[in-house]
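Accompanying notes for the structure given below.
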Amino acid sequence: MTDPTTNLKYDNMLYAQIDAIYSAIKAMGHTDIEVRVSETGWPSKGDADEAGASPQNAGLYNGNLLKRIDQRQGTPARPTVPVDVHVFALFNENLKPGPTSERNYGLYYPNGTPVYSIGLQEVEGKGYLPEFTITSNSNMRVSYFLSYTLVVL
């Protein structure tokens with residue numbers, strides 16, 4: 001899509017939203033405030049009325065996000081400023097109330113096994129997470145609220 005005011009071209013809504021925030025900040029007279037995305041993600045499971053909540057869509061969204069972060073891309077309005085993103089969430093939250101999707105944003109199940117793969121362990125020879133093992137009683141109920149920051153050095 002092309003922004004009719006700036007003529008900037010966008011291929012994803014996340015970057016359009018980030019640039020909209022920069023535009024609003026600039027309209028208030030500020031140019032030195034950095035925008036950071038505190039949570040972004042896609043549910044891997046949802047209720048019948050939550051279209052699109054699937055492991056395939058979650059993997060596609062988060063996998064593409066990881067690739068963009070790895071490329072240190074900026075938005076069309078700020079191409080030289082890499083996007084700072086916190087992926088929501090590291091683990092599924094099995095005790096969280098609300099629709100099924102609210103419990104299924106995690107990259108991992110509470111027992112540490114991946115919900116789907118987006119290459120966090122290995123992307124083109126680079127590892128993003130160390131190997132880890134979680135051991136627990138199979139009857140243990142776990143609920144987490146975690147925001148994981150991917151740092152590309």
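Derivation of every value follows stated rules applied to the coordinates shown; laboratory data play no part. Worth saying up front: this structure is predicted, and the values here are computed from it rather than measured. For neighbour counting, all protein chains shown are included, and Cβ atoms are generated from backbone atoms with ideal geometry for every residue, glycine included.
Spelling out what I want: for every residue of region 49-63, take phi, set θ = phi - 60°, compute 6.51 cos²θ - 1.76 cosθ + 1.60 (Karplus), and round to whole Hz; glycine and proline get x. Per-residue couplings from phi come out as 8, 10, 4, x, 7, 8, x, 5, 5, 5, x, 5, 4, 5, x Hz.
For region 51-125, applying the loop criterion from DSSP together with a ceiling of 15 other beta carbons within 10 Å to the GluC sites (Glu not before Pro) yields E122, E124. Here's how it looks for F91: its modeled amide H is under 5 Å from those of L107, Y108, L146, which are all 5 or more places away or on a different chain. Of the GluC sites (Glu not before Pro) found in region 1-78, those that fall in a DSSP loop while having at most 14 other beta-carbon atoms within 10 Å are E34. P(r) for region 13-127, from all Cα pairs and a bin width of 5 Å, is 2, 11, 18, 20, 17, 13, 10, 7, 2, 0 %, short bins first.
Taking amide H positions as modeled 1.01 Å from N, with prolines and chain starts lacking one, the residues under 5 Å from D84 and 5 or more places away or on another chain are V37.
Distance from the alpha carbon centroid of region 64-86 to that of region 1-32 works out to 14 angstrom. Between H86 and T6, the FRET efficiency from the beta-carbon distance, with R0 = 25 Å, is close to 0.40.
Our estimate of slack between K67 and R36, defined as 0.36 nm per intervening residue step minus the Cα-Cα distance, is 9.4 nm. Taking region 52-89 and a reference point 7 angstrom along Cα→Cβ of K26, the backbone N atoms nearer than 15 Å belong to 75-81.
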